[in-house]
Amino acid sequence: MIATIAGIFFAIKVRLGPDIWYVGFAGFAPALIGGMDSLRGVALGALIVAAAEVLAARYIAPQIALAAPFLVLLVALWIRPWGIFGTREELERI
């Protein structure tokens, strides 16, 4: 609770915008795509998400680039719910 209050005061001090929540959600997508228990998987997931964002912004529309990480996440969770380098045991443990 104290960390939340400190985060709120810090955000007010540095004048963060109200759309900063996107950074946290966009960072969560590569972790789930790569596997929560694998650092290699998270790095690969970050590359996949970044490529999807760039390709979506360039070839489809810049507004779609904001949704690209979540679309890739949906496809990845549909194909392999425990992540690229994650293990099934980690998913069952969570």
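Numbers for the structure displayed
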| quantity | calculated |
| --- | --- |
| Selection count, the range 30-46, where residues are of a type outside the set (K, R), assigned to a helix (DSSP H, G or I) and touching a helix residue (DSSP H, G or I) at 6+ places or on another chain (Cβ under 8 Å) | 11 |
| Hey, F70 without any contact (Cβ under 8 Å) to a residue 40 or more places away in the chain and in a helix (DSSP H, G or I) or not | no |
| Some residue of the range 6-29 being out of contact with any Cys (no Cβ under 8 Å at 6 or more places or on another chain), in a loop (DSSP other than H, G, I, E, B), under 21 Å from W82 (Cβ atoms) and in contact (Cβ under 8 Å) with a residue 12 or more places away in the chain | no |
| Subset of the range 30-67 (residues that are more than 24 Å from T87 (Cβ to Cβ) and in contact (Cβ under 8 Å) with a residue 24 or more places away in the chain) | L66 |
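Residue-wise test of (1) modelled with pLDDT under 90; (2) surrounded by fewer than 13 Cβ atoms within 10 Å (Cβ to Cβ); (3) within 15 Å of the chain's Cα centre (by Cα).
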position: A31; (1), (2), (3): yes, no, yes
position: L39; (1), (2), (3): yes, yes, yes
position: A46; (1), (2), (3): no, no, yes
position: A65; (1), (2), (3): yes, no, yes
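The values are calculated or read from the model by the stated rules, or taken from the named source; none is laboratory data. Model, not experiment: these values are computed from the prediction. Glycine also receives a Cβ, built like all others from the backbone with ideal geometry; neighbour counts cover every protein chain displayed.
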